[in-house]
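Participant: Sharing a structure below in structure tokens format, with a few things to ask.
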Amino acid sequence: MGVEGIGASVVRKEDRRFVTGRGRYVDDIKIVGLTHAHFVRSPHAHAKIKSIDIAAAKGMPGVVGVLTGQEIVDDKVGNLICGWAITSKDGTGMKMGAWPAMAPEIVRFAGQAVAVVIAETKNQARDAAEAVVVDYEELPVASDIRAAIKPGAPQLHPEAPGNVIYDWTIGEEAATDAAFKAAANVVSLDITNNRLVPNAMEPRAAIAEYNDAEEHFTLYTTSQNPHVARLVLSAFYNIAQEHKLRVVAPDVGGGFGSKIFIYPEEMVALWASKKVRRPVKWTGDRSEAFLTDAHGRDHLTKAEMAFDKDNKVTALRVKTYANLGAYMSLFSSSVPTYLYATLLSGQYNIPNIFAEVISVYTNTTPVDAYRGAGRPEASFVVERLMETAARQLKVDPAELRRKNFITTFPHQTPVIMAYDVGDFGASLDSAMKAIDYAGFPARKAKAKTEGKLRGIGISCYIEACGIAPSKAVGSLGAGVGLWESAEVRVNPVGTIEILTGSHSHGQGHETTFAQLVAGRLGIPISQVSIVHGDTDKVQFGMGTYGSRSAAVGMSAIFKAMEKVEAKAKKIAAHQLEASEADIVIENGEFKVTGTDKSIALPMVALAAYTAHNLPDGMEPGLKEGAFYDPTNFTFPAGAYICEIEVDSGTGKTSFVNFVAADDFGTLINPMIVEGQVHGGLAQGIGQALLEGAVYDSSGQLVTASFMDYTMPRADDLPSFKLSHTTTLCPGNPLGVKGCGEAGAIGASAAVINAITDAIGNNKLEMPASPDRVWHAIHG
Amino acid sequence: MYETTYHRPASVDEAAALFAKGSDSKYLAGGHTLLPVMKQRLASPSDVIDLGKIKDLVGIEPSGAGIVIKAATTHYDVANSDAVKKAIPALAHLASLIGDPQVRYRGTIGGSIANNDPAADYPAAVLALGATIKTNKRSIAADEFFKGLFTTALADGEIITAVSFPVQAKAGYSKFPNPASRFALTGVFVAKTPAGDVRVAATGASQNGVMRVPAIEAALKANWSAGALDNVTVSTDGLLSDIHGSSAYRANLIKVMAQRAVTAAG
Ligand SMILES: Cc1cc2nc3c(=O)[nH]c(=O)nc-3n(C[C@H](O)[C@H](O)[C@H](O)COP(=O)(O)OP(=O)(O)OC[C@H]3O[C@@H](n4cnc5c(N)ncnc54)[C@H](O)[C@@H]3O)c2cc1C
């Protein structure tokens, strides 16, 4: 039965319910007496609310309640928090403005809620919301970074003069400057990292139910981390106490980071359920998702790399402006700092690095972690610089990278990270072989005779997953610990339930986590159930993001399994009258080595619960829990190469080939890993070629629907050729590194490097739409 | 969606009578334009009159030297019609490029040209082929039908019953889809009449919707070949400029798509 253990491409257990339409998402949940919420949202990006008239709305059919921002403030519901404190270079703290769940006075982005209508039906709520009359006085708007930092820019929050939230640095400035002075060559680039809209398949939703008799709340919500939601809602928002609040995140249709955060809508639903004494449901529509789900990326960067006469990198200097939108979302502050600048060493031995990051407020939707969160931006900076340097220095881009690769481990970078293990050369070799790198010049020449512009682009990414050692992140300003917890429950009949604080919203945990357990015990995965997403069932948890579920979540299960197995072995030894040390677990049986004596797992479990014949002093039961705190980040890395062709008549890019060679450490389920890589690559390619959130100067989101926001479709993407080169992560018991974000982190630089190679012009911003590529060619 | 009253008439006359009775009536064909707008609450017709079930409005018939496509015929049926493929393959090809399979199964030619979206595909074919729009009241020449963005010569309540396409000596369509919506960022339909006249229509490019392109027509009339357009410059005057393409880019696309349409036409 090892066939279902680690390393087996087992078909996903959860897919039966998903593909037969029997998943259970928040919107599917039916509760007696349910009411429906519809938010009144600001059409303006920056305005003062002069008055709100709710009288007409209150009288509309079916209306149960109309609540405004002033009421939420009057009820002392806490402002939204940011969970990671960043200290500026001058030693001051973050300049954070208040974010009430509904705006009482000033709205700072188009789509911000100012009131909510609760009614018997969704349509009645919507009708009544149209009857709420809000009188706005429009204020001047700063809709992007440049507009926000220019002298005399509109001021968003009084707390943040000049709209600057923090001005943070990392690395040694003087040493870096000195290395630049001494450099033989310097390469520099101005980079825009385009803003993205996450667009999970399932829009956000919440159902809140208040039980008056028990003063108890239940919140069903689309969350990647229900325990974190419970903690934040109770500790900071004064709506419910932690022991009086159950948060359930049932099936969730994709998150990509955007469902980490606790949003105003969930808070309002919870608060309103007590106010109107009825269960309240809100299901966002796609338009609301565009306007209110935290966006991703949005950096302006100037980056320079210094080389000595042997083409060795001697220094890297980076200055980045990060757009955090109108308010600081839950982890927004950490994304352009500790999740970005700490990865600027890439796969390279760079003795001196200095980075400065200035985060600013703009009149746009808040920006926070989105698949990769800081690491795609870092990887893009480093890999665009490497490619540009190779062209400037007239050396082969693969060779320039190879010459600068880190080859001994552990390796301490100048920007906090200590890489534990890797083999960057192996990934690059694998990718170069897969794409026939050596044959490219001939292919390019042939394409040219056919009037086509062909290019090749490399990206050697590294990222940090398995976030993270609690003590380390605590010292860097994190407000939480980033361990994970698990409980292994062996039932009296020998079936197993694993309770995990990780949350699956597409990752396939119900299969992969079961594989770990099934493999260790030698039982089929059908005997193992994964329980997650409910704070009443699962003891505690920190949730799923940053590709942490295998490295951290499964490590916790591993630890709990060890405890369970140790106890089970004791029971088996007692039953078999053998020594505990002689017991081995095989094919679901506890065997005495070298004999034919054995006892099956169900009999051991039964013995644990009947407790008729246990070793002296042993507690009954077979159930153990564990908390696992990582020892380090994990460092997935790899090499992506793509070959593309540009139609110079239209500027359209098509893929000839895309190869990915990743090192994820142990692969739990190679099929699921492949799916994760495909999805990540789609998002990375999406960023490079298709996706980009655009605001006009008045702060209106121009790309507020799929008519204008280009989501990648299957036919935009090539058939990927994947391979794996493996170094096992020494930091966790499974040797896993994480694979959820790699594609989104590594792909975009490969694509832009290939297009700029094809057109012979390095001035190209993402998304490299046909229009932009055509202009880059023709002016 | 606001409340509305749905009607399913059996004939064109009944549909027109129902339309006249309603205070703010709308015809419904495939619903792929009207229903999204209603769901967004941007349209709130009192009465929705479904033309899709009227038998007389569905079907494709050869007629003399041309082909008649009835108004409620779906894009899918046009794309897969042997009669259309034989008579005007470029038209079947155009229909096959509209939207996605769901859109092609529901969307209709009558709905498309009545709506006259500036980025829709059919208007380019109707204009370049010199088709005639038949309504329950009259016949309208293509040159008289399209009146700018989302505007046509149709009177209030007038029903398109069919579009009659003449078969031309040569015809070709080339579309560059908008990467997001997949409507035409620019699509160009070229046609050469048996008498040697050339008609070229571009969609997606102009601020005023589908348009003829005289510079290209003249060059192709002199020499029907893609190469004949190499040195033609299309003016950017009146062309759209947005996040998907500048007016210069669209002017270029008009030329490049025209060249590819000529190559496709043979
Ligand atoms: C996702 C998506 C992608 C699309 N992509 C494309 C594309 O690539 N290219 C393209 O050209 N189009 C595209 N469309 C539009 C599609 O082709 C529509 O179906 C079409 O524009 C409208 O036709 P309909 O039958 O759906 O009309 P409806 O939505 O039913 O009606 C549209 C309008 O026409 C009126 N109308 C309908 N029939 C008649 C009639 N016989 N007489 C008078 N008035 C009438 C209606 O009252 C209404 O005002 C797309 C639509 C969607 C939803």
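Participant: I'd like to check something: does the range A:158-180 contain any residue that is hydroxyl-bearing (S, T, Y), surrounded by 22 or more Cβ atoms within 10 Å (Cβ to Cβ) and not in a loop (DSSP other than H, G, I, E, B)?
Facilitator: For the range A:158-180, residues hydroxyl-bearing (S, T, Y), surrounded by 22 or more Cβ atoms within 10 Å (Cβ to Cβ) and not in a loop (DSSP other than H, G, I, E, B): present.
Participant: Out of A:R22, A:R16, which single residue is of a type in the set (K, R), open to solvent by 70 Å² or more (accessible area, probe 1.4 Å), free of Cβ contacts under 8 Å to residues at least 12 places away in the same chain and not in a loop (DSSP other than H, G, I, E, B)?
Facilitator: After applying the criteria, what remains is A:R16.
Participant: Among the residues of the range A:734-779, write down those that are in a loop (DSSP other than H, G, I, E, B) and closer than 26 Å to A:E450 by Cα.
Facilitator: Within the range A:734-779, A:G760, A:N761, A:N762, A:K763, A:L764, A:A768, A:S769, A:G779 meet the criteria.
Participant: Same structure again: Inspect the range B:73-89 for any residue being among the basic types (K, R) and within 14 Å of the ligand (Cβ to nearest atom) and give the result as yes or no.
Facilitator: No, the range B:73-89 contains no residue that is among the basic types (K, R) and within 14 Å of the ligand (Cβ to nearest atom).
Participant: Can you say whether A:G594 is open to solvent by less than 50 Å² (accessible area, probe 1.4 Å), at pLDDT below 95, outside any helix (DSSP H, G or I) and not aliphatic (A, V, I, L, M), as far as the supplied structure shows?
Facilitator: On the way: open to solvent by less than 50 Å² (accessible area, probe 1.4 Å): no; at pLDDT below 95: yes; outside any helix (DSSP H, G or I): yes; not aliphatic (A, V, I, L, M): yes.
When the stated conditions are applied, A:G594 does not pass them.
Participant: I'd like the residue in the range A:497-527 that is buried (at least 24 other Cβ atoms within 10 Å of the Cβ) and in a strand (DSSP E or B) and, out of all such residues, is farthest from the chain's Cα centre (by Cα).
Facilitator: Per the criteria, the residue is A:I498.
Participant: Search the range B:110-135 for residues that are within 14 Å of another protein chain (Cβ to nearest Cβ) and pair each with any residue that is within 9 Å of the ligand (Cβ to nearest atom) and part of a helix (DSSP H, G or I) when their beta-carbon atoms are under 6 Å apart and the residues are at least 6 apart or on different chains.
Facilitator: B:A120/B:S112
Participant: Would you check if A:L717 is modelled with pLDDT of 95 or more, under 28 Å from A:L343 (Cα atoms), within 14 Å of chain B (Cβ to nearest Cβ) and open to solvent by 20 Å² or more (accessible area, probe 1.4 Å)?
Facilitator: Values: modelled with pLDDT of 95 or more: yes; under 28 Å from A:L343 (Cα atoms): yes; within 14 Å of chain B (Cβ to nearest Cβ): yes; open to solvent by 20 Å² or more (accessible area, probe 1.4 Å): yes.
Yes; evaluated as a whole, the condition is true for this residue.
Participant: Taking the range A:763-779 as the search range and keeping residues that are among the aliphatic types (A, V, I, L, M) and either within 14 Å of chain B (Cβ to nearest Cβ) or within 26 Å of the chain's Cα centre (by Cα) (or both), which one is nearest to A:Q687 (Cα to Cα)?
Facilitator: Of everything passing the filter in the range A:763-779, A:M766 is nearest to A:Q687 (Cα to Cα).
Participant: If I go through the range B:85-126 residue by residue, how many of them are closer than 22 Å to B:Q168 by Cβ and among the hydroxyl-bearing types (S, T, Y)?
Facilitator: Residues that pass the stated criteria total 3.
Participant: So in the range B:91-124, with the set limited to residues that are of a type in the set (D, E, K, R) and open to solvent by 20 Å² or more (accessible area, probe 1.4 Å), which one is farthest from the ligand (Cβ to nearest atom)?
Facilitator: B:R104
Participant: Something else now. Could you tell me which of the residues B:G187, B:G245 is over 20 Å from the mean Cα position of the chain (by Cα), touching a residue at least 60 places away in the same chain (Cβ under 8 Å), crowded, with 19+ Cβ neighbours inside 10 Å and within 13 Å of chain A (Cβ to nearest Cβ)?
Facilitator: Selected residue: B:G245, the only one of B:G187, B:G245 that is over 20 Å from the mean Cα position of the chain (by Cα), touching a residue at least 60 places away in the same chain (Cβ under 8 Å), crowded, with 19+ Cβ neighbours inside 10 Å and within 13 Å of chain A (Cβ to nearest Cβ).
Participant: Let me spell it out: the conditions are (1) over 24 Å from B:K147 (Cα atoms); (2) hydrophobic (A, V, I, L, M, F, W, C); (3) surrounded by fewer than 17 Cβ atoms within 10 Å (Cβ to Cβ), and B:A218 meets all of them except one. Which number is the exception?
Facilitator: (1)
Participant: What do you reckon, is B:N136 away from the ligand (no atom under 14 Å from the Cβ) and over 30 Å from B:K221 (Cβ atoms)? Break it down stepwise before answering.
Facilitator: Details: away from the ligand (no atom under 14 Å from the Cβ): no; over 30 Å from B:K221 (Cβ atoms): yes.
In short, no.
Participant: More than 14 Å from chain B (Cβ to nearest Cβ), under 21 Å from A:P397 (Cβ atoms) and modelled with pLDDT of 95 or more: which single residue out of A:A749, A:A688 fits that description?
Facilitator: Numbers: A:A688 fails: more than 14 Å from chain B (Cβ to nearest Cβ).
Testing whether each residue is more than 14 Å from chain B (Cβ to nearest Cβ), under 21 Å from A:P397 (Cβ atoms) and modelled with pLDDT of 95 or more leaves just A:A749.
Participant: Let me ask something else about it. Among (1) within 14 Å of chain B (Cβ to nearest Cβ); (2) surrounded by fewer than 24 Cβ atoms within 10 Å (Cβ to Cβ), which single condition is A:G760 missing?
Facilitator: The single condition A:G760 does not satisfy is (1).
Participant: Would you pick out the residues in the range B:23-52 that are over 21 Å from the mean Cα position of the chain (by Cα) and either surrounded by fewer than 17 Cβ atoms within 10 Å (Cβ to Cβ) or more than 12 Å from the ligand (Cβ to nearest atom) (or both)?
Facilitator: Selection gives B:S23, B:D24, B:K39, B:Q40, B:R41, B:L42, B:S44, B:S46.
Participant: Let me ask something else about it. All but one of (1) at negative phi; (2) out of contact with any His (no Cβ under 6 Å at 6 or more places or on another chain) hold for B:G130; state the number of the condition that does not hold.
Facilitator: Unmet condition: (1).
Participant: Right, A:V187: of a type in the set (V, I, T), more than 30 Å from A:I353 (Cβ to Cβ) and surrounded by 15 or more Cβ atoms within 10 Å (Cβ to Cβ) or not?
Facilitator: No, not satisfied.
Participant: Checking B:A87 against (1) away from chain A (no Cβ under 14 Å); (2) open to solvent by 60 Å² or more (accessible area, probe 1.4 Å); (3) more than 18 Å from B:L154 (Cα to Cα), which single condition isn't satisfied?
Facilitator: Going through the list (1) away from chain A (no Cβ under 14 Å); (2) open to solvent by 60 Å² or more (accessible area, probe 1.4 Å); (3) more than 18 Å from B:L154 (Cα to Cα), B:A87 breaks only (2).
Participant: Now for a different question. Given the range B:1-110, what strands (runs of 3 or more DSSP E) lie entirely inside it while holding 3 or more residues that are under 30 Å from B:G187 (Cα atoms)? Even if it seems obvious, please write down each step before you answer.
Facilitator: Values: elements: B:5-7, B:25-28, B:47-50, B:60-63, B:66-70.
By residue number, B:25-28, B:60-63, B:66-70.
Participant: Take the residues in the range B:145-162 that are under 16 Å from the mean Cα position of the chain (by Cα) and more than 10 Å from the ligand (Cβ to nearest atom), then tell me which one is farthest from the other protein chains (Cβ to nearest Cβ).
Facilitator: B:A153
Participant: Of the numbered conditions (1) within 23 Å of the chain's Cα centre (by Cα); (2) open to solvent by 10 Å² or more (accessible area, probe 1.4 Å), A:N349 fails exactly one; give the number of that condition.
Facilitator: (1)
Participant: State yes or no: is A:V11 open to solvent by 40 Å² or more (accessible area, probe 1.4 Å), under 30 Å from A:A56 (Cβ atoms) and out of contact with any helix residue (DSSP H, G or I) (no Cβ under 7 Å at 6 or more places or on another chain)?
Facilitator: On the way: open to solvent by 40 Å² or more (accessible area, probe 1.4 Å): yes; under 30 Å from A:A56 (Cβ atoms): no; out of contact with any helix residue (DSSP H, G or I) (no Cβ under 7 Å at 6 or more places or on another chain): yes.
Judged against the criteria, A:V11 is not a match.
Participant: If B:G59 satisfies all but one of (1) of a type outside the set (D, E, K, R); (2) open to solvent by less than 30 Å² (accessible area, probe 1.4 Å); (3) under 30 Å from B:A20 (Cβ atoms); (4) within 12 Å of the ligand (Cβ to nearest atom), what's the number of the condition it fails?
Facilitator: B:G59 satisfies all of (1) of a type outside the set (D, E, K, R); (2) open to solvent by less than 30 Å² (accessible area, probe 1.4 Å); (3) under 30 Å from B:A20 (Cβ atoms); (4) within 12 Å of the ligand (Cβ to nearest atom) except (4).
Participant: Let me ask something else about it. Would you pick out the residues in the range A:298-314 that are open to solvent by less than 10 Å² (accessible area, probe 1.4 Å) and in contact with a Pro (Cβ under 7 Å, 6 or more places away or on another chain)?
Facilitator: Residue satisfying the conditions is A:H299 alone.
The values are calculated or read from the model by the stated rules, or taken from the named source; none is laboratory data. For clarity, every value in this text was computed on a predicted model and none was experimentally measured. Here Cβ is always computed from backbone atoms with ideal geometry, including for glycine, and neighbour counts include all displayed protein chains. Side chains are part of the model used for accessible areas, which takes the heavy atoms of the whole protein and leaves out ligands, DNA and RNA. Shrake-Rupley method; radii C 1.70, N 1.55, O 1.52, S 1.80 Å.
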